[in-house]
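The structure appears right after this line, and notes come after that.
The values are calculated or read from the model by the stated rules, or taken from the named source; none is laboratory data. None of the values given here were measured: they were computed from a predicted structure. So basically every Cβ, Gly included, is an ideal-geometry build from the backbone, and we count neighbours across all protein chains shown. The area values use the complete protein model at the heavy-atom level, side chains included, leaving out ligands, DNA and RNA. Shrake-Rupley method; radii C 1.70, N 1.55, O 1.52, S 1.80 Å.
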Amino acid sequence: MKNRLGVTLSRRGTLALFGAASLVPGWQRCAAAQNAAAPLLTRPIPRSGEAMPVIGLGTADVFDVGDDPAKRAARAAVIRSLTAAGGKLIDTAPSYGQAESVVGDLVAEAGLRRGVFLATKLEDYDRRTGPTQLQASLRRLRTDTVDLMQLHNVSDPRQDLAMLRDWKAQGYCRYTGITTTFHGDFNAAEAVLRREKPDFLEVDYSLQDREVEKRLIPAAVEVGAAVLTALPLGRGRLFRTVQQRPLPDWAAEFGAATWGQFFIKYLLGEPAVTAVIPGTSNPAHMEDNLAAGRGRPPNAAERRKMVEFFTSLG
């Protein structure tokens, strides 16, 4: 059965197809073995030099599970997989239903607060209600400070970030950022990025949706902002495009052993990308995502080949 994003069945199908040893080509088994033996890559946050593991965890929709014990246990396993492999970035937001509370509870119960990088968002930039929104997020996340506070889905090119900078100075967050996942808001996001110079930019970016490569990512590089990629698997569209086609043999050259790794490694081949944050509620998918963060990413020529190949699938 598909989940609300239409992702689970298609990705489970591709992993099942390539997970049976009798069906997996030798080059794919070799790529998987190389990934398993390699450490998770890190990249420096431009403003500080702090090392950030390149694979994180998104929580939109998939962590909105309320108090259901079985569903919470599965999400706890996902977080354990992330941190056990050396990952630490968990991205959430007040608009993700109960995700903030679920993340806060699971991180606190596991005693992981010092080992994770918590990123959340301000939904409504209003100096009258902003402090209340901040305190509500801190309460749900069961912490006194978050690592990254982002203004969610910037749409006004005149937007300032003074309130977020004040919170940073007061110790409520260590970094500030903005997010955008709507093409119609990219010009506004670029204007804010260039003028306000936040520490982070979170954008909608995938092998299928490469619009941010034209202006937003170059702008982030110019101002020294770290880049996080939201929706790196395109809400399942990438898996539906490839269906059960086999990976091309040349994917082994950069260590991609599954389609999920292929899609994520494309993003990591962009040097400006600091971390990729696919959402999942499945520990096996988390492990597969983490494998994409090991070994070398594809180079520029290989990335062009990946685009050409994916585009040819229609």
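Quick notes
- Qualifying residue in the range 211-222 (condition: small (Gly, Ala, Ser) and crowded, with 22+ Cβ neighbours inside 10 Å): yes
- Looking only at the range 244-280, and only at residues there that are among the hydroxyl-bearing types (Ser, Thr, Tyr) and open to solvent by less than 10 Å² (accessible area, probe 1.4 Å), the one that is farthest from Phe63 (Cα to Cα): Tyr266
- Out of Val65, Val78, sole residue that is assigned to a loop (DSSP other than H, G, I, E, B), at pLDDT 95 or above and either acidic (Asp, Glu) or within 23 Å of Ser281 (Cα to Cα) (or both): Val65
- Inclusion of Glu196 among residues that are touching a helix residue (DSSP H, G or I) at 6+ places or on another chain (Cβ under 6 Å), of a type in the set (Asp, Glu) and open to solvent by 10 Å² or more (accessible area, probe 1.4 Å) is not warranted.
- Condition met for Tyr205 (open to solvent by less than 20 Å² (accessible area, probe 1.4 Å), more than 21 Å from Leu268 (Cα to Cα) and within 17 Å of the chain's Cα centre (by Cα)): no
- Hits in the range 273-314 (condition: within 13 Å of Phe262 (Cα to Cα), among the charged types (D, E, K, R) and touching a residue at least 40 places away in the same chain (Cβ under 8 Å)): Asp288, Arg294, Arg296, Glu302, Lys305
- Residue selected from the range 164-184 under the condition open to solvent by less than 30 Å² (accessible area, probe 1.4 Å) and part of a helix (DSSP H, G or I), by the criterion nearest to Val154 (Cα to Cα): Leu164
- Tabulated pairs, the range 201-224, first in contact (Cβ under 8 Å) with a residue 40 or more places away in the chain, second among the acidic types (Asp, Glu) and surrounded by fewer than 22 Cβ atoms within 10 Å (Cβ to Cβ), C-beta under 7 angstrom, 6+ apart or interchain: Ile217/Glu270
- Residues in the range 83-97 that are closer than 18 Å to Ile45 by Cβ and hydrophobic (A, V, I, L, M, F, W, C) were compared, and the one that is surrounded by the most Cβ atoms within 10 Å (Cβ to Cβ) is Ile90.
- The listed residue being surrounded by fewer than 17 Cβ atoms within 10 Å (Cβ to Cβ), of a type in the set (Lys, Arg) and within 18 Å of the chain's Cα centre (by Cα), out of Arg113, Arg80, Arg75: Arg80
- Residue pairs whose Cβ atoms lie under 7 Å apart, sitting 6 or more positions apart in sequence or on different chains, and linking a residue in the range 62-88 that is farther than 14 Å from Ser101 by Cβ and touching a residue at least 24 places away in the same chain (Cβ under 8 Å) to a partner that is of a type outside the set (A, V, I, L, M, F, W, C) and surrounded by fewer than 16 Cβ atoms within 10 Å (Cβ to Cβ), are Thr83/Gly115; Gly86/Pro39; Lys88/Gly115.
- Qualifying residue in the range 232-244 (condition: under 24 Å from Ala84 (Cβ atoms), in contact (Cβ under 8 Å) with a residue 40 or more places away in the chain and not polar (S, T, N, Q)): yes
- Filtered residue count, the range 21-62, keeping only those that are touching a helix residue (DSSP H, G or I) at 6+ places or on another chain (Cβ under 8 Å), hydrophobic (A, V, I, L, M, F, W, C) and at pLDDT below 95: 8
- Lone qualifier among Leu228, Leu247 - being in a loop (DSSP other than H, G, I, E, B), within 24 Å of Asp288 (Cβ to Cβ) and out of contact with any Lys or Arg (no Cβ under 7 Å at 6 or more places or on another chain): Leu247
- Of all residues in the range 119-163, exactly one satisfies the criterion of being open to solvent by 60 Å² or more (accessible area, probe 1.4 Å), without any contact (Cβ under 8 Å) to a residue 40 or more places away in the chain and touching a Pro at 6+ places or on another chain (Cβ under 9 Å), namely Glu123.
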